[in-house]
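Data block below; observations after.
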Amino acid sequence: MAEIEVRFATAGTWPDLVRVLGRAGGSNGCWCQYWLIGPAYHDRDRMENRRDLERQVDAGHAGLLAYRDAEPIAWARFGPRAAHRWLLSRFRSSGLPAGEPWSLSCFYVAPHERGEGAMQALIRYAARWGAVEGVTVEGYPIDPDVAGATKNRFPGVLSAFVSEGFVEVGRLAKDRAIVRHP
């Protein structure tokens with residue numbers, strides 16, 4: 001299988017992101033707005049969510065795209081934690097570590113690519129980018145080994161982050177870790 005290439009999403013790669021997320025916008029019309037506006041994304045027209053993501057991509061630092069054989073296969077929301085307003089609000093009392101990290105908060109992998117290393121490649125790229133830029137990268141993955149853990153894997157899986165050198169620094173919930181690199 002060909003290697004996976006990862007790069008920041010840009011206005012020029014917007015059509016690729018639309019291809020990855022599909023007509024439904026990834027999950028129920030979210031268009032990767034959940035960690036920014038919370039469940040309110042359900043109350044809005046899907047096209048409004050789509051337009052917001054397009055504006056965020058155009059402005060820079062919205063996320064990463066993964067490609068295999070020049071075909072877009074996966075997306076990760078990746079940007080300054082301060083922009084993730086719902087995440088900050090929802091977990092305010094959960095002990096988010098201090099600082100100004102970048103959040104690797106959500107993933108969408110095309111169904112035919114799941115289990116083929118796309119999420120891992122996105123995590124690896126974010127960690128390396130953070131190391132070069134001197135920026136702490138933070139994630140909030142699910143720990144599927146916890147009894148009763150959510151089946152929602154959009155935030156990523158703990159073992160994938162740990163294998164890329166992330167360290168668990170806390171928990172937002174019993175099944176949701178806070179991890180950081182470095």
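The values are calculated or read from the model by the stated rules, or taken from the named source; none is laboratory data. Keep in mind the model is a prediction, meaning the values are calculated, not measured. Every residue, glycine as well, gets a Cβ built from its backbone with ideal geometry; the counts of neighbours run over all protein chains shown.
Residue count for region 1-22, restricted to those that are modelled with pLDDT of 95 or more and outside any helix (DSSP H, G or I): 8. Could you tell me which residue of region 31-46 is surrounded by the fewest Cβ atoms within 10 Å (Cβ to Cβ), considering only residues that are outside any helix (DSSP H, G or I) and on the phi > 0 side of the Ramachandran plot? It comes out as TRP31.
Screening SER89 with (1) polar (S, T, N, Q); (2) surrounded by fewer than 15 Cβ atoms within 10 Å (Cβ to Cβ); (3) part of a strand (DSSP E or B) gives one miss only, at (3). Applying the criterion of being within 16 Å of ALA121 (Cα to Cα) and among the acidic types (Asp, Glu) to the residues of region 1-30, the residue that is surrounded by the most Cβ atoms within 10 Å (Cβ to Cβ) is GLU5. Only one of the listed residues (GLY117, GLY156, GLY139) is crowded, with 23+ Cβ neighbours inside 10 Å and at positive phi. That residue is GLY156.
Out of LEU104, LEU64, one residue alone is in contact with a Leu (Cβ under 7 Å, 6 or more places away or on another chain) and modelled with pLDDT of 95 or more. It is LEU64.
Which one of these is surrounded by fewer than 17 Cβ atoms within 10 Å (Cβ to Cβ) and in a helix (DSSP H, G or I): VAL132, VAL169, VAL146?
VAL132
Just to be sure, is LEU96 farther than 29 Å from ASP16 by Cα and at pLDDT below 95? It is true that LEU96 is farther than 29 Å from ASP16 by Cα and at pLDDT below 95. Of the residues GLY25, GLY99, GLY115, the single one that is touching a Leu at 6+ places or on another chain (Cβ under 9 Å), assigned to a loop (DSSP other than H, G, I, E, B) and without any contact (Cβ under 8 Å) to a residue 40 or more places away in the chain is GLY25.
Can you confirm whether ARG77 is out of contact with any Leu (no Cβ under 6 Å at 6 or more places or on another chain), crowded, with 16+ Cβ neighbours inside 10 Å, part of a strand (DSSP E or B) and basic (Lys, Arg)? Against the criterion (out of contact with any Leu (no Cβ under 6 Å at 6 or more places or on another chain), crowded, with 16+ Cβ neighbours inside 10 Å, part of a strand (DSSP E or B) and basic (Lys, Arg)), ARG77 qualifies. Which of the residues that make up region 11-51 are under 14 Å from LEU65 (Cβ atoms) and under 16 Å from the mean Cα position of the chain (by Cα)? The answer is LEU17, VAL18, VAL20, LEU21, GLY26, CYS32.
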